[in-house]
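Down below is the structure, laid out as structure tokens.
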Amino acid sequence: MKWTESIWESSQPIINKIKDLAFIQGMVDGNLDTSIFEFYIAQDAHYLNYYGDVLACIAAKLPLSEDKITFIDFAKNTIVVERSLHEYYLEIFGNKPLPPISPTCHHYIHYLRSLAFADKMEVALASILPCFWIYKEVGDYILNIAKDNIASNPYGKWIETYSDEAFAQSVTKAINVCDRYFELSKGIYKEEMDGAFVAASYLEYDFWDSAYRKEEWQ
């Protein structure tokens, strides 16, 4: 069994908890409060401002040129494709200034940055994979339930972005890169890679949950 297959299987409890979140269920039926989604989009915009840097930093550390190119493309798409999605919704919401970054968003992006800049390449790779994989899983999950009403769902554009084939291909590439460097390292960092993947998966849960609560600094 590949490393990604093993960690994905063992992470099913937290992935299922994510699907059960009130935020996700609100997107399924399209009844999620607009102000909650607006808060989420703003925090996701903050997140992606840093996530592109994380991907570029990892690209610089990868020894194989084809993998460098893959991660440079990931960084570019984070800026171009996903930012375009944000701009679509931010325009709907009136192009207001972004609110301050939330505690959970701040913690998540700085966790990823710390691994990308200061930890082992393999561990950094493991930490960024949940953002790819869980978004694809959630996009597919929502689309499978809401596909008959996607045209009238106010969050249809978000659902289509993360359930489409182009994003699926990116997820597959990210999975393959992680498995490749796990094998090249002969699995000696498995415990640390497992920990990074699980921690980032819980932070994905916290990110959506904190958006639903419109989390603020206390």
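The values are calculated or read from the model by the stated rules, or taken from the named source; none is laboratory data. Note that the structure is a prediction, hence the values are computed from the model and not measured. Quick reminder, even Gly has a Cβ in these numbers, built from the backbone with ideal geometry, and neighbours come from all protein chains shown.
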How do the pairs read when you match residues in segment 24-45 that are touching a residue at least 24 places away in the same chain (Cβ under 8 Å) with residues anywhere that are assigned to a helix (DSSP H, G or I) and among the basic types (K, R), using Cβ under 8 Å and keeping only pairs 6 or more apart or on different chains?
A45/R83
Among L62, L90, which is surrounded by 14 or more Cβ atoms within 10 Å (Cβ to Cβ), over 15 Å from the mean Cα position of the chain (by Cα) and over 24 Å from Q169 (Cβ atoms)?
L90
Out of (1) touching a Lys or Arg at 6+ places or on another chain (Cβ under 9 Å); (2) crowded, with 19+ Cβ neighbours inside 10 Å, what's the single condition that is false for C105?
(1)
Picking from D73, D67, D44, D53, the residue that is within 20 Å of R213 (Cα to Cα), acidic (D, E) and in a helix (DSSP H, G or I) would be D44
The residue from G195, G187 that alone is out of contact with any Ser or Thr (no Cβ under 8 Å at 6 or more places or on another chain), part of a loop (DSSP other than H, G, I, E, B) and within 18 Å of S10 (Cα to Cα) is G187
Given (1) more than 18 Å from the chain's Cα centre (by Cα); (2) under 22 Å from E38 (Cα atoms); (3) surrounded by fewer than 19 Cβ atoms within 10 Å (Cβ to Cβ); (4) modelled with pLDDT under 95, where does R213 come up short, assuming only one miss?
(4)
Would you please name the residue that is surrounded by the most Cβ atoms within 10 Å (Cβ to Cβ), looking only at residues in segment 161-210 that are closer than 18 Å to Q43 by Cβ and either free of Cβ contacts under 8 Å to residues at least 40 places away in the same chain or aromatic (F, W, Y) (or both)?
F207
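Let's see how each residue does on (1) touching a Gly at 6+ places or on another chain (Cβ under 6 Å); (2) hydrophobic (A, V, I, L, M, F, W, C); (3) over 20 Å from D53 (Cβ atoms):
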residue	(1), (2), (3)
I134	no, yes, yes
N144	no, no, yes
Y155	no, no, yes
E160	no, no, yes
T172	no, no, yes
C178	no, yes, no
Could you grab the pairs with beta carbons closer than 6 Å, sequence gap of 6+ or different chains, first residue in segment 77-104 and more than 12 Å from T161 (Cα to Cα), second one at pLDDT 85 or above and among the β-branched types (V, I, T)?
Y89/I41
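Can you confirm whether segment 188-202 contains a residue that is within 16 Å of the chain's Cα centre (by Cα) and either of a type in the set (D, E, K, R) or over 26 Å from A56 (Cβ atoms) (or both)?
no
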I69 is checked against (1) surrounded by fewer than 20 Cβ atoms within 10 Å (Cβ to Cβ); (2) in contact (Cβ under 8 Å) with a residue 60 or more places away in the chain and fails just one. What number does that condition carry?
(2)
Look at segment 115-160 and say how many of its residues are surrounded by fewer than 22 Cβ atoms within 10 Å (Cβ to Cβ), aliphatic (A, V, I, L, M) and farther than 17 Å from G26 by Cβ.
4
Of the conditions (1) farther than 26 Å from M193 by Cα; (2) in contact with a helix residue (DSSP H, G or I) (Cβ under 7 Å, 6 or more places away or on another chain), the single one that G94 does not satisfy is (2)
Between D148, D140, D179, which is closer than 21 Å to F23 by Cβ and acidic (D, E)?
D140
